[in-house]
Amino acid sequence: RKEVEQDPGPFNVPEGATVAFNCTYSNSASQSFFWYRQDCRKEPKLLMSVYSSGNEDGRFTAQLNRASQYISLLIRDSKLSDSATYLCVVKDTGRRALTFGSGTRLQVQP
Amino acid sequence: DAGVIQSPRHEVTEMGQEVTLRCKPISGHNSLFWYRQTMMRGLELLIYFNNNVPIDDSGMPEDRFSAKMPNASFSTLKIQPSEPRDSAVYFCATQALNTEAFFGQGTRLTVV
């Protein structure tokens, strides 16, 4: 079983739609959680951290459920520029390296 | 700061040749990570260094792979001899104590 699992997609949605991605992680000792965004043929970049209480950054909302070991990302009013691969990322206690999910591809269509 | 700098951006080599990938971290970042990305396996951690010391190399696929960080400004990942299955994008990422990890633009390696 992979440490971090995501639905690879692709998710094809029209502009303005709301879309949600989910992710599960296997290590209950994981301490930090992130969503990274990767554009085609580019490097991953941090989109947002994920906090236990849930957090929002503009159109983006991230949620963490430690009991179910589940992370989500909600994108509201999606834009063409949101088209990318979204990577769920976990950092384990005592380890500085990040573990990445395989990513979920989003394609927003006009 | 120019960010994490990797070279070369693209490398095409023949099977059996030695390949050296280079990374210059962001100044002041004390952790450095080498990742490999393929369609089949996604982003995999190969090795990471903290204060120039290798901490975890359990992701290095086999003895053909080696990595060094002789000083805080430079790291290399070497593959000798290279094989077609090593074809991937290799990313270097660096991090300071309380910052996110920043990635370089990657080296796209093709072994023919």
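The values are calculated or read from the model by the stated rules, or taken from the named source; none is laboratory data. Computed from a predicted structure; not experimentally measured. No Cβ is skipped: glycine too gets one built from the backbone with ideal geometry, and neighbour counts run over all protein chains shown. Ligands, DNA and RNA are excluded from the accessible area calculation, which covers all protein heavy atoms including side chains. Shrake-Rupley method; radii C 1.70, N 1.55, O 1.52, S 1.80 Å.
State the number of residues belonging to the range B:55-86 that are more than 13 Å from B:Gly16 (Cα to Cα), polar (S, T, N, Q) and part of a loop (DSSP other than H, G, I, E, B).
Of the residues in the range B:55-86, 2 are more than 13 Å from B:Gly16 (Cα to Cα), polar (S, T, N, Q) and part of a loop (DSSP other than H, G, I, E, B).
What strands (runs of 3 or more DSSP E) lie completely within the range A:1-57 and have 1 or more residues being of a type in the set (A, V, I, L, M, F, W, C) and closer than 20 Å to A:Arg76 by Cα? Even if it seems obvious, please write down each step before you answer.
Details: elements: A:4-6, A:11-14, A:19-25, A:30-38, A:44-50, A:55-57.
Output list reads A:11-14, A:19-25, A:30-38, A:44-50.
Taking the criterion of being open to solvent by 60 Å² or more (accessible area, probe 1.4 Å), within 30 Å of B:Asn30 (Cβ to Cβ) and either within 14 Å of another protein chain (Cβ to nearest Cβ) or not in a strand (DSSP E or B) (or both), would at least one residue in the range A:65-81 satisfy it?
yes
Please count how many residues of the range B:86-103 are in contact (Cβ under 8 Å) with a residue 60 or more places away in the chain and either closer than 22 Å to B:Leu21 by Cβ or of a type in the set (Val, Ile, Thr) (or both).
Number of matching residues: 11.
Select from the range B:1-40 the residues that are open to solvent by 70 Å² or more (accessible area, probe 1.4 Å) and among the hydrophobic types (A, V, I, L, M, F, W, C) and write down the one among them that is farthest from A:Thr99 (Cα to Cα).
Of everything passing the filter in the range B:1-40, B:Met15 is farthest from A:Thr99 (Cα to Cα).
Sort out which residues of the range A:94-110 are in a loop (DSSP other than H, G, I, E, B) and more than 14 Å from every other protein chain (Cβ to nearest Cβ), and write them in order of number.
Hit for the range A:94-110 is A:Pro110, nothing else.
Where residues in the range A:82-110 are polar (S, T, N, Q) and open to solvent by 20 Å² or more (accessible area, probe 1.4 Å), which of them is nearest to A:Arg59 (Cα to Cα)?
From the range A:82-110, those polar (S, T, N, Q) are A:83, A:85, A:93, A:99, A:102, A:104, A:107, A:109; that's our starting set.
Those left that are additionally open to solvent by 20 Å² or more (accessible area, probe 1.4 Å): A:83, A:85, A:93, A:99, A:102, A:107, A:109.
Numbers: A:Ser83: 14, A:Thr85: 17, A:Thr93: 30, A:Thr99: 25, A:Ser102: 23, A:Gln107: 16, A:Gln109: 17 Å.
Once the filter is applied, the top-ranked residue is A:Ser83.
Being under 20 Å from A:Gln107 (Cα atoms), within 14 Å of chain B (Cβ to nearest Cβ) and of a type outside the set (S, T, N, Q), is that true of even one residue in the range A:50-61? Before you say what the answer is, go through the steps one by one.
First, pick out the residues of the range A:50-61 that are under 20 Å from A:Gln107 (Cα atoms): A:58-61.
Restricting the remaining residues to those that are within 14 Å of chain B (Cβ to nearest Cβ) gives none.
No, every residue in the range A:50-61 fails to be under 20 Å from A:Gln107 (Cα atoms), within 14 Å of chain B (Cβ to nearest Cβ) and of a type outside the set (S, T, N, Q).
So which residues in the range B:41-61 are surrounded by fewer than 15 Cβ atoms within 10 Å (Cβ to Cβ) and at positive phi, if there are any at all?
B:Asn51 - this is the single residue of the range B:41-61 that is surrounded by fewer than 15 Cβ atoms within 10 Å (Cβ to Cβ) and at positive phi.
Kindly indicate which of B:Gln105, B:Gln80, B:Gln95 is among the polar types (S, T, N, Q) and over 25 Å from B:Ile26 (Cβ atoms). Lay out the reasoning, then the answer.
Values: B:Gln105 fails: over 25 Å from B:Ile26 (Cβ atoms); B:Gln95 fails: over 25 Å from B:Ile26 (Cβ atoms).
None of the other options fit; the residue is B:Gln80.
For the range A:10-38, what are the residues that are within 13 Å of another protein chain (Cβ to nearest Cβ) and touching a Lys or Arg at 6+ places or on another chain (Cβ under 8 Å)?
Scanning the range A:10-38 gives A:Ser32, A:Phe33, A:Phe34, A:Tyr36, A:Arg37, A:Gln38.
I want to confirm something. Restricting to the range B:16-65 and keeping residues that are among the hydroxyl-bearing types (Ser, Thr, Tyr) and under 10 Å from the mean Cα position of the chain (by Cα), which single residue is farthest from the other protein chains (Cβ to nearest Cβ)?
Result: B:Thr20.
Among the residues of the range A:54-82, which ones are touching a residue at least 40 places away in the same chain (Cβ under 8 Å) and farther than 17 Å from A:Val4 by Cβ?
A:Leu74, A:Ile75, A:Arg76, A:Asp77, A:Ser78, A:Lys79, A:Leu80
Within the range B:96-105, does at least one residue satisfy the condition of being buried (at least 21 other Cβ atoms within 10 Å of the Cβ), touching a Lys or Arg at 6+ places or on another chain (Cβ under 8 Å) and of a type in the set (A, V, I, L, M, F, W, C)?
yes
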